[in-house]
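What follows is a set of notes on a single structure, which appears directly below.
What follows draws every value from the coordinates through simple rules; no lab data is involved. Keep in mind that this is a model prediction, so the values were computed, not measured. Neighbour counts are summed over all protein chains in view; Cβ atoms, including those assigned to glycine, are modelled from backbone coordinates with ideal geometry.
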Amino acid sequence: MTLHHKADDGLGFRAIVGDGHPSLERIRIAVLRLPPGERYSGETGAWESALVLQAGAGSIAVESHGIAHRCQRQNVFAGPSSTVFVAPGQQWEVRAEGNTVMEVVICSTPGQAGAASHVITADQLKVRKVGLGNWYRTIYDIIDAPFPARTMVLGETYNPPGFWSSAPPHKHEVDDPPHESEHEEAYLFRLNPARGFGLQRVYTDDRSLDEAYTVEDGDVVAIPRGYHPVVAGPGYQLYYLWILAGDQRVLAPRDDPNHAWLKDSEAVITAVGGLSAPDA
């Protein structure tokens with residue numbers, strides 16, 4: 001069983017994680033790439049979906065909810081951009097404009113009938129600076145616990161070159177509030193420059209699952225359970241769009257007890273001025 005799905009850079013709609021996935025039951029991921037002037041329509045059915053612009057320019061419409069949102073983004077490393085949350089039972093349409101391919105990632109999780117669709121603009125995102133030293137990263141929360149979704153939590157993480165995320169490594173596979181929440185997750189990666197690479201490890205306490213993958217631009221890794229640290233290759237900035245699905249949308253990850261000391265060390269290191277965040 002592989003959790004690693006290689007990028008598909010073809011045009012049109014490409015389902016990356018869908019029905020019948022051997023590891024994920026509550027997450028779907030698709031990539032839509034449209035040349036200028038093209039359009040594509042879809043329907044959410046019983047799922048709630050987030051349409052996240054990755055590159056290009058155009059519009060995302062949910063006519064039944066009065067949404068006709070125009071958006072543009074050079075690429076994910078040029079800064080955050082818009083997301084359109086589409087409620088269950090709704091049709092949506094993407095229209096590409098400009099002179100480059102418009103790329104949108106469609107993330108879906110089980111939804112609830114009667115919900116409303118929303119536009120989430122870049123200035124509405126919550127920004128977090130997490131970690132220290134070479135485990136420092138920047139996180140943009142797109143859909144968090146207060147947002148009126150049923151099962152979805154969504155965001156973007158940026159690793160500087162050679163830096164780690166999910167440090168200390170954490171998991172969220174057991175429903176044990178407030179100590180741990182149960183969520184499936186998946187990452188979609190981008191690299192800058194695009195020829196770069198990163199490494200993703202997924203492992204459990206008993207090592208019944210212990211895999212490491214070389215991730216490249218556009219790859220997806222499914223995370224049904226286990227700890228899941230990520231590192232960017234030297235010289236390459238790493239981005240990943242992360243999507244979680246769970247009945248409880250308040251995140252309560254459990255750190256690997258072998259490495260949990262890392263968080264405790266941050267306060268001590270900061271106090272003595274030993275390390276600082278790169279853009280602090």
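Annotations
- For segment 13-112, the relative contact order works out to 41 percent when only alpha carbon pairs closer than 8 Å and six or more residues apart are counted.
- Leading residue at positive end of dipole, segment 9-272 (Cβ point charges), from Gly20, Ala55, Ala260: Ala55
- For segment 184-265: Kirkwood Rh in Å [reciprocal of mean 1/r, alpha carbons]: 13.9
- Its relative contact order, with pairs defined as Cα atoms under 8 Å and 6+ residues apart, puts the chain at 19 percent.
- Once the Cα gyration tensor of segment 123-280 is diagonalised, semi-axes √(5λ) in Å: 22, 19, 18
- Using alpha-carbon coordinates, inclination of helix 261-272 to the longest axis of the chain, degrees: 80
- Cα gyration tensor, segment 1-141 - rounded (a/c under 1.5), prolate or oblate: rounded
- Rg ratio (alpha-carbon, reference 2.2 N^0.38 Å) - segment 9-272: 0.99
- Sorted on the mean count of surrounding Cβ atoms within 10 Å across their residues, most packed first, peptides 14-20, 223-229, 47-53 read 47-53, 223-229, 14-20.
- Helix-derived mean residue ellipticity, 222 nm - over the chain, DSSP H n ≥ 4, -39500 (n - 2.57), to 500: -1500 deg cm²/dmol
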